[in-house]
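Following: one structure in structure tokens, then a few remarks.
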Amino acid sequence: MQEPGQAADSAREKTEPALDILEAFRRVGEGSKASLASTFASARALRALVVADIALARSALGRSVAFTAVAVVFGAVGGLLLMAALVAALVTYFKLSWWLSLLLVGLFCLAATAFSAWRALTYFEHTQMHATRRQLAKIGLGADEGKNTQSTANDGHS
């Protein structure tokens, strides 16, 4: 036969697991809400990164086009005009031969064209959205993993 104190203990033991399960569900719900809020915050941060990266790419594309135009204009029109004037000056004032005068002016024009093309390529690199690609790769989205790893190693950013 059970004493009255023992009956109360067994009834308490039966209700305690139910309270523990409710508390566990409550904690899981709170954790889910926190996880969802964190996901939304990450999505907002990624959106801000994409917007900033697109703005940088748009600006870099404009600069790239400008430097490309400079390279084409200087390399073609300016080179031809300067070639004629400088060749005449080198032959007349420095008593150089025609072929040496043409060579010196041609090398100068090629150097100016190479510098402008290098600057255009440097700005064009900004259009590849490295920061966004790195962040997408971190969350498992994006193209080939080998490309992302190589791109991250080559862009000079951590």
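The values are calculated or read from the model by the stated rules, or taken from the named source; none is laboratory data. Here the structure is a predicted model, which is why all the values come from computation and not from measurement. Don't worry about glycine lacking a Cβ; one is built from the backbone with ideal geometry, like all the others, and counts go over all protein chains shown.
Structure above, values below:
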item: Subset of the range 25-75 (residues that are more than 27 Å from the chain's Cα centre (by Cα) and surrounded by 12 or more Cβ atoms within 10 Å (Cβ to Cβ)); result: Val72, Val73, Phe74, Gly75
item: So Ala112, is it assigned to a helix (DSSP H, G or I), surrounded by 15 or more Cβ atoms within 10 Å (Cβ to Cβ) and modelled with pLDDT of 90 or more; result: no
item: Condition met for Arg58 (at pLDDT 90 or above, under 30 Å from Ala131 (Cα atoms) and basic (Lys, Arg)); result: no
item: Selection count, the range 115-140, where residues are of a type outside the set (Gly, Ala, Ser) and not in a helix (DSSP H, G or I); result: 2
item: Residues (in a helix (DSSP H, G or I) and farther than 14 Å from Gly78 by Cα) located in the range 94-109; result: Trp98, Trp99, Leu100, Ser101, Leu102, Leu103, Leu104
item: Answer residue from the range 31-63, given it is without any contact (Cβ under 8 Å) to a residue 24 or more places away in the chain and of a type in the set (Val, Ile, Thr) and is nearest to Gly140 (Cα to Cα) among those; result: Thr39
item: Residue count, the range 76-89 (criterion: more than 14 Å from Leu107 (Cα to Cα), β-branched (Val, Ile, Thr) and surrounded by 12 or more Cβ atoms within 10 Å (Cβ to Cβ)); result: 0
item: Unmet requirement for Leu110, which otherwise passes all of (1) hydrophobic (A, V, I, L, M, F, W, C); (2) touching a helix residue (DSSP H, G or I) at 6+ places or on another chain (Cβ under 6 Å); (3) closer than 30 Å to Ser59 by Cα; result: (2)
item: Near pairs, Cβ below 6 angstrom, 6+ apart or cross-chain, from the range 102-114 (among the hydrophobic types (A, V, I, L, M, F, W, C)) to any residue that is assigned to a helix (DSSP H, G or I) and buried (at least 16 other Cβ atoms within 10 Å of the Cβ); result: Leu102/Val87; Val105/Met83; Val105/Leu86; Val105/Val87; Cys109/Gly79; Ala112/Phe74
